[in-house]
1. Can you list the HN-Hα couplings for segment 155-160, worked out from phi with the Karplus curve (6.51, -1.76, 1.60; θ = phi - 60°), rounded to whole Hz and with x for Gly and Pro?
2. Kindly write out, for segment 66-79 in residue order, the coupling ³J(HN,Hα) from the Karplus curve 6.51 cos²θ - 1.76 cosθ + 1.60 (θ = phi - 60°), rounded to whole Hz, with x marking Gly and Pro.
3. R0 = 41 Å: FRET efficiency of residue 90 with residue 147, Cβ-based, nearest 0.05?
4. Pull out the extension gain between residue 210 and residue 80, defined as 0.36 nm times the separation in residues minus the alpha carbon to alpha carbon distance; nm, one decimal.
5. Sorting check: for 193-203, 122-132, 43-53, which peptide has the highest mean count of neighbouring beta carbons within 10 Å, and how do the rest follow?
6. So how much slack lies between residue 55 and residue 130, counting 0.36 nm per residue of separation and subtracting their Cα-Cα distance, in nm?
7. Given the options 129, 105, 139, identify the residue whose Cα lies farthest towards the positive end of the charge dipole of segment 71-184 (+1 on Cβ of Lys, Arg; -1 on Cβ of Asp, Glu).
8. Order the peptides 159-170, 133-144 from the highest to the lowest mean number of other Cβ atoms within 10 Å of their residues.
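Bear in mind these aren't lab numbers, they're just calculated from the coordinates by the rules spelled out. Because the structure is predicted, anything quoted here is derived from the model rather than measured. Cβ atoms come from the backbone with ideal geometry, glycine included; neighbour counts cover every protein chain shown.
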Amino acid sequence: MKIGTCSKGSTDMKEKLRSSLGKVTFELTIVTLGVLIALVINEWFQNYQEERRAHEILEKAHYEMKSNLVSLKSALKGYEKSIAYIDKLIEEDQKTANKNYLFSIPQEDLSVSVWRFALLRDELRELPVELLVRIESSYEATKHVKNTMEKMGPSFLTEFINKFTVSEDQTQLLKSLKHELKNALLRTKIAAFKQEIIVKETEYYLKTGQVNIEQSKQGIHFKI
């Protein structure tokens, strides 16, 4: 009787243990699945927020690039006008000693702040690499124009005028200034060319979420 009782009690204990282990395993599985689902949802939400943030920054950069394009085109007209004016003075061979000269060098408002700020904060990781590379290239070209304008600012023009008014070889000074303006004109044309293309490409990406670089397959033409 005792042996039979011990065997039955041992069987009951095993069944209870199996039942307990089954419940624990089930509960652990539910908890694990819950944690995994929560992690997946959290990662998805973080990616969504990063994509949304990158999209918002790209919209601001797009607006900045459009404004820069307007300024670059205005600068082009200014450089061309100044070069034409200098050519006219050179042709006159300085026969108008008492003439009131009107020299001007374009000074446009060019901004790279949105793009630089976004790069510093690393908030554009969700954008396609090819688009980022092309945007960076257009901003670099614009930055070169911006630096040129700063170098050829009011102090540069004032110094030139002071030299010009007392120089015995004004023609040579005019040719030197023309050379500087033509270099600036070339940089501005390249920047405007790149900026116009990337404005179209970012606009297309903002509308479709896809990159289209077909429209950049064209050339830039200018006279030296």
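1. Coupling constants for segment 155-160: 5, 4, 5, 4, 5, 5 Hz.
2. Coupling constants for segment 66-79: 5, 5, 4, 4, 4, 5, 5, 5, 5, 5, 4, 4, x, 5 Hz.
3. Numbers: r = 27 Å, r/R0 = 0.67.
Efficiency computed from Cβ-Cβ geometry: 0.90.
4. Details: separation 130, 0.36 × 130 = 46.80 nm, distance 3.73 nm.
That pair, residue 210 and residue 80, stretches by 43.1 nm at full extension.
5. In decreasing order of mean packing, 193-203, 122-132, 43-53 become 193-203, 122-132, 43-53.
6. On the way: separation 75, 0.36 × 75 = 27.00 nm, distance 1.55 nm.
My answer for the length gained is 25.4 nm.
7. So the residue furthest toward the plus end is 105.
8. Working: 159-170: 12.0, 133-144: 18.6.
Highest to lowest by the protection proxy: 133-144, 159-170.
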